[in-house]
Amino acid sequence: QVQLVESGGGLVQAGGSLRLSCAASEGTFSSYTIAWFRQTPGKEREFVAAISGSTGATSYADSVKGRCTISRDNAKNTVYLQMNSLKPEDTAVYYCAASRYFLVVTMTRYNYWGQGTQVTVSS
């Protein structure tokens, strides 16, 4: 069982930056792909970015490519999402999730989820 805890959300003006963190309890953290998803009321949860455990390979949604960077520190069991040039449409609850599959972007392939952290971007 992997427990994930997100932090780092908050209120920021458009054009600003935030760094989200996802801390995991599992000792074999490095074997999991970790992803960030986001969700707004009335919409489906959507993929944002993912990083593999084995190679550090990354994948990004087109909507955040060039503005966000996902990284991980396996020694700290933590994954980060650096978000720059934030836009009002980035406002959402951001969730991190863990999967045994390599760099998947499909929500159903993720078995473990955090509780989410709110990101609000004001215009």
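Percent relative contact order of the stretch 63-123, based on C-alpha pairs within less than 8 angstrom and at least six residues apart?
Working: 73 pairs, mean separation 19.2, N = 61.
Rounded, it is 32 percent for the stretch 63-123.
Contour minus end-to-end for GLN82 and THR108, with contour as 0.36 nm per residue of separation and end-to-end as the Cα-Cα distance?
6.9 nm
Could you tell me what percent of the DSSP beta bridges with both partners in the chain are antiparallel, to the nearest 5?
90 percent
What longest region of the chain stays clear of chymotrypsin sites (Phe, Trp or Tyr not before Pro) that DSSP places outside H, G, I, E and B and that have at most 16 other Cβ atoms within 10 Å?
That would be 1-100.
Might you tell me the accessible area per residue for the chain, computed with a 1.4 Å probe and given in Å²?
Values: 6090 Å² over 123 residues.
Heavy-atom accessible area per residue stands at 50 Å².
Please give every one of the aspartates and glutamates within straight-line cross-link reach of LYS43, meaning a C-alpha to C-alpha distance under 18 Å, and leave out same-chain neighbours fewer than 8 residues apart.
Filter leaves ASP62, GLU89, ASP90.
Please list log₁₀ I(q)/I(0) at q = 0.14, 0.29 Å⁻¹ for the stretch 1-63, using the Debye equation with identical point scatterers on the alpha-carbon positions.
One equal scatterer on each Cα of the stretch 1-63 leads to -0.52, -1.32.
Could you bin all the Cα-Cα distances of the chain into 10 Å bins starting at 0 and give me the percent of pairs in each, rounded to whole numbers?
In whole percents, the pair-distance histogram is 15, 51, 29, 5, 0.
Please sort by residue number the trypsin sites (Lys or Arg not before Pro) in the stretch 1-75 whose DSSP state is loop and whose Cβ has at most 12 other Cβ atoms within 10 Å.
Within the stretch 1-75, the qualifying trypsin sites (Lys or Arg not before Pro) (loop, at most 12 other Cβ atoms within 10 Å) are LYS43, LYS65.
Show me the three semi-axes of the equivalent ellipsoid for the stretch 63-123, from the C-alpha gyration tensor (sqrt of 5 times each eigenvalue), largest first, rounded to whole Å.
22, 14, 12
Under the Karplus relation 6.51 cos²θ - 1.76 cosθ + 1.60, θ = phi - 60°, what is the ordered set of whole-Hz ³J(HN,Hα) values for the stretch 86-93, x standing for Gly and Pro?
The phi angles translate into 5, 10, x, 6, 7, 4, 4, 8 Hz.
Whole-Hz ³J(HN,Hα) for each residue in the stretch 71-80, computed from phi via Karplus 6.51 cos²θ - 1.76 cosθ + 1.60 with θ = phi - 60°, x for glycine and proline: what do you get?
For the stretch 71-80, the Karplus-derived couplings read 8, 9, 10, 5, 5, 9, 6, 9, 10, 10 Hz, x marking Gly and Pro.
Quick one: putting +1 on the C-beta of Lys and Arg, -1 on the C-beta of Asp and Glu, what dipole do you get for the stretch 1-52 around its Cα centre, in Debye to the nearest 20? Walk me through the numbers on the way to the answer.
Details: 4 positive and 4 negative charges, 28 e Å.
Approximately 140 debye in magnitude.
The values are calculated or read from the model by the stated rules, or taken from the named source; none is laboratory data. Remember, it's a predicted structure, so these values are computed and weren't measured experimentally. Reconstructed Cβ throughout: ideal geometry from the backbone, glycine too, with neighbour counts over all protein chains shown. What goes into the accessible areas is simple: the full protein's heavy atoms, side chains included, and nothing from ligands, DNA or RNA. Shrake-Rupley method; radii C 1.70, N 1.55, O 1.52, S 1.80 Å.
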